[in-house]
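The structure appears right after this line, and notes come after that.
The values are calculated or read from the model by the stated rules, or taken from the named source; none is laboratory data. The shown structure was predicted, so the numbers you read here are calculated from the model rather than taken from an experiment. Quick reminder, even Gly has a Cβ in these numbers, built from the backbone with ideal geometry, and neighbours come from all protein chains shown. Areas reflect the complete protein model, heavy atoms only, side chains present, ligands, DNA and RNA absent. Shrake-Rupley method; radii C 1.70, N 1.55, O 1.52, S 1.80 Å.
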Amino acid sequence: MSTGSAERSWCVVVPHHATGARLARHRLADELADVVPPILLADLVAVLAELVGNAVRHADPLPGGVVRVAWRLRSTAEGQRVQLRVTDGGSASGPLMRAASPDAVDGRGLHIVSGLASRWGVERDGLGQSVWAEFDPVATARPDLVAAG
């Protein structure tokens with residue numbers, strides 16, 4: 001039995017448009033459907049949709065009018081560890097968690113990201129910004145514990 005880890009990465013470019021989130025979600029789901037547990041895949045798809053949606057609504061595109069979407073899967077003894085990363089052209093103010101009123105139609109995206117991912121953050125460089133979210137295997141590998149709890 002091997003205790004080492006294997007890593008795989010994907011990177012896609014989607015339009016800086018509402019259709020970009022749909023394209024990214026479908027590509028992620030297609031690539032990881034047979035690789036990660038369904039409960040983790042659902043969380044990954046939801047978080048990726050939020051991150052790409054935020055990039056489209058609140059940030060400038062990368063050159064060519066696009067957003068870069070990447071994910072990295074690392075198999076460990078504990079299970080699948082996944083990192084999502086969405087890179088855009090940046091904005092005047094970075095991503096911030098907002099307080100949304102019960103009637104608000106938006107403002108909950110980063111709360112969703114924070115609730116589903118093990119951790120998330122923002123990195124900036126001279127070309128733009130990347131918002132990333134990581135998922136630890138321990139938090140998602142045992143849905144039976146969550147259901148029983």
Query raised in the report: Once the other residues with Cβ under 15 Å from the Cβ of D30 are scored (Lys, Arg +1; Asp, Glu -1), what is the net sum?
Result: +2
Query raised in the report: Tally Lys and Arg at +1 and Asp and Glu at -1 over the other residues with C-beta under 15 Å from the C-beta of R72: what net charge comes out?
Result: +2
Query raised in the report: If you add up the charges near E134, with Lys and Arg at +1 and Asp and Glu at -1, over every other residue whose beta carbon is less than 15 angstrom from its beta carbon, what do you get?
Result: -1
Query raised in the report: Measuring with a 1.4 Å probe in the full set of protein chains, what accessible area per residue, in whole Å², belongs to the range 1-62?
Result: 56 Å²
Query raised in the report: How long are the semi-axes of the ellipsoid equivalent to the range 7-135, from square roots of 5 times the Cα gyration tensor eigenvalues, in whole Å, largest first?
Result: 23, 18, 14
**Report entry** Heavy-atom accessible surface of the range 7-135: percent carbon and sulfur, 1.4 Å
**Finding:** 53 percent
Requested in this report: Round to the nearest 0.05 the FRET efficiency obtained for V12 and H111 when R0 = 41 Å and r is the Cβ-Cβ distance.
Outcome: 0.95
